[in-house]
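Visitor: Structure in structure tokens, see below.
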Amino acid sequence: MTSPWNDPNMSDEGALGREEPTAGRRYRDSVADSVRISDLTAPRKIPPGSGWRKFVYKTSFKLINPGESPRERHYRDLRGRIKRHIRRQYVITLISGKGGTGVSTLTASIGGVFRQCRTENVIAIDAVPGFGTLADRIDENPPGDYAAILADTDVQGYSDIREHLGQNSVGLDVLAGNRSSDQPRPLVPAMFSGVLSRLRRTHNVILVDTGPDLEHPVMKPVLENTDTLVFVAGVTADRSKPVLRALDYLASQGYHELVSRSTVILNDFTDVRDKAAIAYLSERFAKTGATVEVMPFDPHLAKGAIIDVQNELAKNTRLRLFEITAALADKYVPDTERY
């Protein structure tokens with residue numbers, strides 16, 4: 001006997017219990033779901049924060065609100081991207097393949113922008129095996145180093161580990177590298193891994209400043225713990241070719257996925273912008289799959305001293321830093337989506 005449920009001549013309406021929820025009969029949409037409170041009120045226009053718009057807003061006793069300028073809206077969008085939710089930690093490693101390209105400067109600068117926009121703890125780590133200069137860009141007198149953290153057996157939370165970290169005016173923490181010339185303590189893989197495991201408990205965004213020697217043993221745990229790679233290159237041949245070699249080397253060592261989703265920053269060291277060189281290098285680096293960003297020359301960054309992202313940078317430089325940092329925040333991939 002043929003089951004009535006399988007009768008091909010039976011209409012969809014007769015197959016009660018077998019039809020798709022959206023097929024056949026249509027039910028009226030929920031009235032409550034169709035009502036949005038925002039439809040009942042006029043959209044809020046955010047007051048301007050600078051320029052002639054702010055002047056008009058203030059002098060009219062807030063009766064005339066021209067709204068934000070396009071630049072202010074752009075900054076608000078960038079801050080929103082930088083403030084995106086990050087589960088666990090996000091480790092960003094900056095490398096070059098050649099000294100003198102501005103890796104430490106950009107580590108401190110990008111870290112400063114992250115900390116400016118986020119409420120969670122952000123730290124920059126000096127992982128240069130020799131004598132790193134990262135702390136010189138953030139805090140001239142950091143209280144401790146790797147050895148101090150590893151020797152402290154009573155580190156429970158941020159307030160404990162903070163005793164060993166330097167910090168700048170916006171709250172960016174820094175872990176200094178070896179700063180003692182009379183009693184050098186070479187950085188070894190176990191030291192980096194041990195300290196990083198502790199910092200993962202207290203910091204949400206971690207930036208790692210590295211040296212030019214990619215074959216140094218400490219680079220293995222650095223790369224194994226990296227979520228996003230940032231290559232820093234100059235605009236001249238001698239400051240860009242070593243980075244291309246570094247890209248090829250890391251890809252050949254099994255880090256091709258990191259390389260393919262990396263960022264290359266062309267860091268301009270002069271106030272004479274060579275557009276042809278920038279265009280050529282951008283095209284070459286883009287072939288690796290990396291995102292290419294250009295960092296303009298800024299005299300404040302060129303000083304090699306404490307970096308004040310908030311007050312001392314030129315307007316265009318500060319904007320570029322925010323755009324680069326937002327692009328790096330966009331590259332964050334939660335652990336559950338990586339495989």
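Visitor: Assess whether Val230 counts as being of a type outside the set (Gly, Ala, Ser), modelled with pLDDT of 95 or more and in contact with a Leu (Cβ under 9 Å, 6 or more places away or on another chain).
Guide: Yes: the conditions hold for Val230.
Visitor: Sticking with this one: In the list Ala237, Ala276, Ala190, which residue meets the criterion of being over 23 Å from the mean Cα position of the chain (by Cα), among the small types (Gly, Ala, Ser) and modelled with pLDDT under 90?
Guide: Being over 23 Å from the mean Cα position of the chain (by Cα), among the small types (Gly, Ala, Ser) and modelled with pLDDT under 90 holds for just one of Ala237, Ala276, Ala190, which is Ala237.
Visitor: Give the residue that is farthest from the chain's Cα centre (by Cα), with candidates limited to residues of the range 290-324 that are of a type in the set (Val, Ile, Thr) and more than 24 Å from Ala251 (Cα to Cα). Please lay out each step first, then the result.
Guide: Within the range 290-324, the first condition is being of a type in the set (Val, Ile, Thr), and the residues that meet it are 291-292, 294, 306-307, 309, 317, 324.
Next cut, more than 24 Å from Ala251 (Cα to Cα) only: 306-307, 309, 317.
Working: Ile306: 20, Ile307: 18, Val309: 15, Thr317: 17 Å.
Looking at residues that are of a type in the set (Val, Ile, Thr) and more than 24 Å from Ala251 (Cα to Cα), I get Ile306.
Visitor: Of everything in the range 105-120 that's in contact with a helix residue (DSSP H, G or I) (Cβ under 6 Å, 6 or more places away or on another chain) and of a type in the set (S, T, N, Q), which residue is surrounded by the most Cβ atoms within 10 Å (Cβ to Cβ)?
Guide: So, considering only residues that are in contact with a helix residue (DSSP H, G or I) (Cβ under 6 Å, 6 or more places away or on another chain) and of a type in the set (S, T, N, Q), the one surrounded by the most Cβ atoms within 10 Å (Cβ to Cβ) is Ser109.
Visitor: Quick check on Gly289: is it in contact (Cβ under 8 Å) with a residue 60 or more places away in the chain and at positive phi?
Guide: Working: in contact (Cβ under 8 Å) with a residue 60 or more places away in the chain: no; at positive phi: yes.
The answer is no for Gly289.
Visitor: Identify, from the list Val208, Val170, the residue that is of a type in the set (Val, Ile, Thr), within 18 Å of the chain's Cα centre (by Cα) and surrounded by fewer than 22 Cβ atoms within 10 Å (Cβ to Cβ).
Guide: Val170
Visitor: Can I ask one more? Residues of the range 297-306 being under 16 Å from Gly234 (Cα atoms) and buried (at least 16 other Cβ atoms within 10 Å of the Cβ), which ones?
Guide: Listed by number, the residues that qualify are Phe297, Asp298, Leu301.
Visitor: Something else now. Does Ala246 satisfy the condition of being in contact with a strand residue (DSSP E or B) (Cβ under 7 Å, 6 or more places away or on another chain) and either free of Cβ contacts under 8 Å to residues at least 24 places away in the same chain or surrounded by 14 or more Cβ atoms within 10 Å (Cβ to Cβ) (or both)?
Guide: yes
Visitor: Which members of the range 283-334 meet the condition of being part of a helix (DSSP H, G or I), at pLDDT below 95 and in contact with a strand residue (DSSP E or B) (Cβ under 7 Å, 6 or more places away or on another chain)?
Guide: Phe285, Ala286
Visitor: Another question, then. Looking only at helices (runs of 4 or more DSSP H) that fall completely inside the range 113-202, which ones have 3 or more residues that are touching a residue at least 12 places away in the same chain (Cβ under 8 Å) and touching a Cys at 6+ places or on another chain (Cβ under 7 Å)?
Guide: none
Visitor: Give the range 259-276 a look and list any residue that's more than 20 Å from Gly100 (Cα to Cα), crowded, with 18+ Cβ neighbours inside 10 Å and among the hydrophobic types (A, V, I, L, M, F, W, C), or say none.
Guide: Hit for the range 259-276 is Val259, nothing else.
Visitor: Does Leu247 meet the test of being in a helix (DSSP H, G or I), at pLDDT below 95 and at negative phi?
Guide: On the way: in a helix (DSSP H, G or I): yes; at pLDDT below 95: yes; at negative phi: yes.
Criteria met by Leu247.
Visitor: Taking the condition of being farther than 20 Å from Ala127 by Cβ, part of a helix (DSSP H, G or I) and in contact (Cβ under 8 Å) with a residue 60 or more places away in the chain, how many residues in the range 223-243 meet it?
Guide: Within the range 223-243, the subset farther than 20 Å from Ala127 by Cβ is 234-241.
From what is left, the residues that are part of a helix (DSSP H, G or I) are 237-241.
Subset that is in contact (Cβ under 8 Å) with a residue 60 or more places away in the chain: 238-239.
The qualifying residues number 2.
Visitor: Next question, about the same structure. Quick one: Thr202 ticks every box in (1) modelled with pLDDT of 90 or more; (2) touching a strand residue (DSSP E or B) at 6+ places or on another chain (Cβ under 6 Å) bar one, so which box is it?
Guide: (2)
Visitor: State all residues of the range 76-95 that are over 12 Å from the mean Cα position of the chain (by Cα) and closer than 23 Å to Val195 by Cα; if no residue qualifies, say none.
Guide: Correct list: Arg87, Arg88, Ile95.
The values are calculated or read from the model by the stated rules, or taken from the named source; none is laboratory data. A quick note: this is a predicted structure, and the numbers were derived from the prediction, not measured. Reconstructed Cβ throughout: ideal geometry from the backbone, glycine too, with neighbour counts over all protein chains shown.
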